[in-house]
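Participant: This is the structure I want to talk about, given as structure tokens.
The values are calculated or read from the model by the stated rules, or taken from the named source; none is laboratory data. Small disclaimer: the values here were computed from a predicted structure and weren't measured. Here the Cβ is made from the backbone with ideal geometry for all residues, glycine too, and neighbour counts use every protein chain on show. Each accessible area value is taken on the protein alone, full model and side chains, heavy atoms only, with ligands, DNA and RNA left out. Shrake-Rupley method; radii C 1.70, N 1.55, O 1.52, S 1.80 Å.
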Amino acid sequence: IISGSGAEYGVTNKKCYEYHNPNKKITYLGRQKNFIRKLFFKNLEKGISIIWCRIFYVYGYNQRNESLLKSLINSLKFDKKFKIKSPKTFNDYIYIKDLVNALIKVTKINKSNIVNLCNSKPISNLEFVKKFEKVNQRVIKKSIFEQKKKEINYGSNRKLLDLKWKSKYSLEAAFKDICSQ
């Protein structure tokens, strides 16, 4: 079982660049994703069973400080203004506990496959913020940047559903779980 990300969705034969800045060269992460994809196809040719999991937007405990969730938590904790830079971007968020359960289900697959680990439900970053505020019963001081174009990033979790996987956590339930820690 190998893992990649939603950035590889629809990318099987061309390179995944994973840019942090479009003016720079491919990142280390992008190079690793391309290596994983090559490994997948090389092992297919050898007849080795391999599952390539494309993990979408994971959120939960101990995220990096720049993540949307951690920024929200810090804005509450330190009573500082929160900046939402891409309110019209829709992402396919999956809570870390649901992801772990999905990975357990994937171990039941006995032939090579590509599986998206996601909920197949795009949620806007602005909606993510609003639900976080609702769970915490506090309005966060925020500035919302104007986003010219709406972006939608989500995948199909049909193969997960075929394995009888079901998300156990709604966004609200996950936020309650995280904030209770």
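Participant: What tally of residues in the stretch 60-95 results from selecting those that are in a helix (DSSP H, G or I) and not β-branched (Val, Ile, Thr)?
Facilitator: Within the stretch 60-95, the first condition is being in a helix (DSSP H, G or I), and the residues that meet it are 68-77.
Those left that are additionally not β-branched (Val, Ile, Thr): 68-72, 74-77.
Of the residues in that region, 9 qualify.
Participant: If you take the residues of the stretch 164-175 that are touching a helix residue (DSSP H, G or I) at 6+ places or on another chain (Cβ under 6 Å) and surrounded by 17 or more Cβ atoms within 10 Å (Cβ to Cβ), which of them is nearest to Asn136 (Cα to Cα)?
Facilitator: Phe175
Participant: List the pairs whose first member sits in the stretch 145-172 and is within 18 Å of Phe128 (Cβ to Cβ), whose second member is part of a strand (DSSP E or B) and open to solvent by 90 Å² or more (accessible area, probe 1.4 Å), and whose Cβ atoms are under 8 Å apart, counting only residues at least 6 apart or on separate chains?
Facilitator: Once the first residue is within 18 Å of Phe128 (Cβ to Cβ) and sits in the stretch 145-172, its partners that are part of a strand (DSSP E or B) and open to solvent by 90 Å² or more (accessible area, probe 1.4 Å) give Phe145/Lys83.
Participant: Considering only strands (runs of 3 or more DSSP E) fully contained in the stretch 96-160, which possess at least 2 residues that are more than 13 Å from the chain's Cα centre (by Cα), buried (at least 20 other Cβ atoms within 10 Å of the Cβ) and aliphatic (A, V, I, L, M)? I'd like the intermediate steps shown before the answer.
Facilitator: Numbers: elements: 113-117, 142-144, 151-153.
Per the criteria, no element qualifies.
Participant: Then there's this: Only one of Lys42, Lys38, Lys83 is within 13 Å of Asn125 (Cα to Cα) and surrounded by fewer than 15 Cβ atoms within 10 Å (Cβ to Cβ). Can you tell me which? Steps first, please.
Facilitator: Numbers: Lys42 fails: within 13 Å of Asn125 (Cα to Cα); Lys38 fails: within 13 Å of Asn125 (Cα to Cα).
Just a single option satisfies the conditions, and that option is Lys83.
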